[in-house]
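Working notes for the structure below.
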Amino acid sequence: MRVKHIAKLIGVVGIVVFCLIKPSFAIVVSDNLSNNNHVVIPPSAFDMVGKLPGTAGGVTTGVLIDPWHVLTVKHAVKNYSSGTFVLNLTDGEHTYSWSEKSLHPTADLAVLTLATSTGLSGYPLYDLSNEFHKDIIMVGYGVSGVGAPDKNNYPKGVTDRFGYNIVDGIATDENGIKYLASDFDDNGSDVMMADGDSGGPSFIDVGGTYYIAGIHHGVTDNDDDGIYPEYGDLGYDVRVSEYRDWISQQVPEPITILLFATGLGLIRKRNHLI
C-alpha cells in the first residue's frame, strides 16, 4: 500500500483546525484523470458503495453495512422521508427503496433500512483505535477533477471513484463529535472528498478486507476563495468507531465495531457539510 511520508499535520494524534468545514464533494485527485485510474468498474472491492439520488444537493453517497442497511451522513437524508439507494454491479444498476431511517442525535450519521435485501454482505466496521497515520481509501459519487472540482467535465452522481490518502489526525469539533482528518497534498497520489461524496466511506485495508473507518462529512476552504477542495484543504470523516453502540442498535444483529480511542484535537468553527 502507498505510504504518505510527509504530511502538513504531524507529531500528534489530535489536531487543531481554525477553518470552516464545507460540505464534501466527489473524489478530486492530484494526478491525471484521463486514464480513469480512479473509476470503480464492477466487479470490484467497492461495489457495495452506492449513490442516494434526490438527497441533499441532488445526490450523495452511502455504503452497505449488511444486506439491508446503508450507512451515510445525517445531513444527506434528514429532510427526506424516503428515497432510493443505487448500486452499480456487474449486470448493471440495481435500485433499492428505503423509507426507514435512524438519525444519530448529535453526530452526522444516519442508517437507512432498505425495503428489500441486496443479498450482499456489506462491509465490516474497523475494530481498532490505531487510525492515525493509516492509509485510507476514499470512495464516492461526488464531483471530480484534478486539484479542484470540475463539475462540468466530472459531474457528481455519475461515476463512482476511489483513491488514497492518509489519516493525519483525530479531530473533535465544538460539540464533541470525533473525526478522522486528512489533508490534500499536491503529490500525484492524494485524493480528497468533494461535492456528492458525503456519506461515502474511507476504508482501511486489513489483509485484503476493507473495513469502514470513516464516513465523508466535509472539507475546509483554507484560503476562503469559495473553491474546495483544493491543495492544502482538509477533509473530515466521521470517526465510525466512536459511534459503535448507536450503529449496533439500528440493525437487528450485532456488527463488529472497533473500540474508540479518545481524540485530542478541536475543530473550533462550525462544520460546512459536503
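The values are calculated or read from the model by the stated rules, or taken from the named source; none is laboratory data. What you see is a predicted model, and the numbers here were worked out from it, not measured in a lab. Positions of Cβ are backbone-derived with ideal geometry, glycine not excepted, and every protein chain shown enters the neighbour counts.
Go through the stretch 40-75 residue by residue and tally those that are touching a helix residue (DSSP H, G or I) at 6+ places or on another chain (Cβ under 7 Å), farther than 23 Å from SER121 by Cβ and hydrophobic (A, V, I, L, M, F, W, C). The qualifying residues number 1. On the given criteria, is SER129 surrounded by fewer than 19 Cβ atoms within 10 Å (Cβ to Cβ), within 19 Å of the chain's Cα centre (by Cα), not β-branched (Val, Ile, Thr) and not in a strand (DSSP E or B)? It is true that SER129 is surrounded by fewer than 19 Cβ atoms within 10 Å (Cβ to Cβ), within 19 Å of the chain's Cα centre (by Cα), not β-branched (Val, Ile, Thr) and not in a strand (DSSP E or B).
Can you confirm whether GLY142 is part of a loop (DSSP other than H, G, I, E, B), surrounded by 23 or more Cβ atoms within 10 Å (Cβ to Cβ) and touching a Ser or Thr at 6+ places or on another chain (Cβ under 8 Å)? So GLY142 fits the description; yes. For GLY147, the conditions (1) on the phi < 0 side of the Ramachandran plot; (2) in contact with a Ser or Thr (Cβ under 9 Å, 6 or more places away or on another chain) are fulfilled apart from (1).
Yes/no matrix, rows are residues, columns are (1) touching a residue at least 24 places away in the same chain (Cβ under 8 Å); (2) of a type in the set (Lys, Arg); (3) touching a Phe, Trp or Tyr at 6+ places or on another chain (Cβ under 6 Å):
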| position | (1), (2), (3) |
| --- | --- |
| PRO53 | yes, no, no |
| ILE65 | yes, no, no |
| LEU112 | yes, no, yes |
| ALA115 | no, no, no |
| PRO124 | yes, no, yes |
| ASP127 | yes, no, no |
| PHE132 | yes, no, no |
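The set of residues in the stretch 127-143 being touching a Lys or Arg at 6+ places or on another chain (Cβ under 6 Å) and of a type in the set (Ser, Thr, Tyr) consists of TYR141 alone. Screening GLY214 with (1) out of contact with any Leu (no Cβ under 9 Å at 6 or more places or on another chain); (2) more than 19 Å from LYS156 (Cβ to Cβ); (3) buried (at least 24 other Cβ atoms within 10 Å of the Cβ) gives one miss only, at (1). Could we say that GLY147 is surrounded by fewer than 18 Cβ atoms within 10 Å (Cβ to Cβ), of a type in the set (Gly, Ala, Ser) and touching a residue at least 24 places away in the same chain (Cβ under 8 Å) here? The answer is yes for GLY147. Screening LEU180 on (1) of a type outside the set (Ser, Thr, Tyr); (2) touching a residue at least 40 places away in the same chain (Cβ under 8 Å); (3) over 16 Å from ARG239 (Cβ atoms) shows it passes everything except condition (3).
Can you tell me which residue in the stretch 78-104 is nearest to PRO155 (Cα to Cα), limited to those that are in contact (Cβ under 8 Å) with a residue 40 or more places away in the chain and outside any strand (DSSP E or B)? Applying the filter and picking the extreme gives THR90.
Of THR118, THR106, all but one fail to be modelled with pLDDT of 95 or more, more than 18 Å from SER202 (Cα to Cα), surrounded by fewer than 16 Cβ atoms within 10 Å (Cβ to Cβ) and among the β-branched types (Val, Ile, Thr); the exception is THR106.
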